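Peer 1: Supplied in structure tokens, the structure appears directly below.
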Amino acid sequence: MSLVELAIVIVVIGIISAVALPRFGGSNADARLRAASLRIERDLALARQHAIATSAPVTVTFTAGGYSIPALPALERRASGYAVSLRESPFLASLTSIKAGPGDTLTFDMHGTPSGNCTLELTAAGRTVTLLVDDQVGRVIRP
């Protein structure tokens, strides 16, 4: 292979990389949003099931950086209470809008019914997804 052929191959690889890299970045943000929204969805289902199983209300408190569910045991032994940071890897996301009950909370009663409507906007790398909690059954809906 001559030096000219090698230079042509390097230029072609550079062009392909320049086209593919922005698309990969977008899919990475989409994957982070999907992972974060699934985590929220499953944790809300866990809080609801815990409220039903213990016949006691369970409150979820949201912040821009994540959420906590004090009624559940901690994910790590050294922590106190169940807390999820959405700003850390693998999510690298934040809750940019929280429309929930007083103090940005959502409470499931002993029957698993949420205290009211809850709308969350989740943002990662400039992309946003909206999550709605159905106020009748407490399931997360992604419009």
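Just so you know, all these numbers are worked out from the coordinates, no wet-lab data involved. Keep in mind the model is a prediction, meaning the values are calculated, not measured. All Cβ positions, even for glycine, are placed from backbone atoms using ideal geometry, and neighbour counts span all protein chains on display.
Peer 1: Quick one: putting +1 on the C-beta of Lys and Arg, -1 on the C-beta of Asp and Glu, what dipole do you get for region 3-141 around its Cα centre, in Debye to the nearest 20? Intermediate results must be reported in sequence, preceding the final value.
Peer 2: Values: 12 positive and 11 negative charges, 34 e Å.
The calculated dipole for region 3-141 is roughly 160 debye.
Peer 1: Against the longest alpha carbon principal axis of the chain, how many degrees, from 0 to 90 and to the nearest 10, is the axis of helix 3-54 turned?
Peer 2: Around 10 degrees separate the two axes.
Peer 1: Could you list Ser89, Ser37, Ser27 so that the one with the fewest beta carbons within 10 Å of its beta carbon is first and the one with the most is last? Don't skip to the end; give the middle numbers.
Peer 2: Working: Ser89 7, Ser37 21, Ser27 10.
Least crowded to most crowded, the residues run Ser89, Ser27, Ser37.
Peer 1: While we're looking at this one, here's another question. Which order do the peptides 46-55, 62-71 take when ranked by the mean count of other beta-carbon atoms within 10 Å per residue, highest first?
Peer 2: On the way: 46-55: 16.5, 62-71: 18.0.
Final packing ranking: 62-71, 46-55.
Peer 1: So if I average 1/r over every pair of distinct C-alpha atoms in region 3-141 and take the inverse, what Kirkwood radius in Å does that give?
Peer 2: Values: mean 1/r = 0.0596 Å⁻¹.
Kirkwood hydrodynamic radius for region 3-141: 16.8 Å.
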